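Peer 1: Could you have a look at this structure, given as structure tokens, before my questions?
Just so it is clear, none of the values below were taken in a lab; they were calculated from the coordinates. Everything numeric in this text was worked out from a predicted model, so none of it was measured. Ideal geometry is used to build each Cβ from the backbone, glycine not excepted, and the neighbour counts take in all protein chains shown.
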């Protein structure tokens with residue numbers, strides 16, 4: 001029985017790629033800018049609650065055309081400012 005090394009390597013590479021895709025499917029993107037919905041989830045608020053924070057000027061936004069996005073760093077800063085000892 002002759003060993004098909006190239007076929008074996010191709011099969012192994014495909015299985016590794018499949019496992020990596022499976023692992024990344026549940027991993028959120030590491031984007032610095034988040035939509036209002038994603039930002040609300042990030043800080044544990046509802047979309048309506050996030051809109052209230054934005055309207056009150058408590059969290060700055062990034063506006064690009066008609067889109068409103070929030071910087072993860074600003075969200076982290078908001079979390080730190082609102083911690084109670």
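Peer 1: Just from its helices, what would the mean residue ellipticity at 222 nm be for the chain, if runs of 4 or more DSSP H residues each count -39500 (n - 2.57) and the sum is divided by every residue, rounded to the nearest 500 deg cm²/dmol?
Peer 2: The helix-only estimate for the chain comes to -17500 deg cm²/dmol at 222 nm.
Peer 1: Need one number: nm distance between label points at residue 37 and residue 13, each 7 Å from Cα along Cα→Cβ, rounded to one decimal.
Peer 2: Placing both labels 7 Å beyond Cα along the Cβ direction yields 3.7 nm.
Peer 1: I've got another one for you. Whole-Å semi-axes of region 1-80's equivalent ellipsoid, largest first, each the root of 5 times a Cα gyration tensor eigenvalue?
Peer 2: The equivalent ellipsoid of region 1-80 has semi-axes of 45, 12, 10 Å.
Peer 1: Mean separation of Cα pairs under 8 Å and 6+ residues apart, divided by the residue count of the chain: what relative contact order is that in percent?
Peer 2: 25 percent
Peer 1: Sticking with the crude label model, points 7 Å out along Cα→Cβ, report the distance from residue 21 to residue 62 in nm, one decimal please.
Peer 2: So the label points at residue 21 and residue 62 sit 2.9 nm apart.
Peer 1: Starting from 0.36 nm per residue, how many nanometres of slack lie between residue 52 and residue 84 once their C-alpha separation is accounted for?
Peer 2: Extra length available between residue 52 and residue 84 comes to 9.4 nm.
Peer 1: Here's something else I'd like to know. Along its principal axes, what span do the Cα atoms of region 33-81 show, with the longest given first and each in whole Å?
Peer 2: Result, largest extent first: 29, 20, 19 Å.
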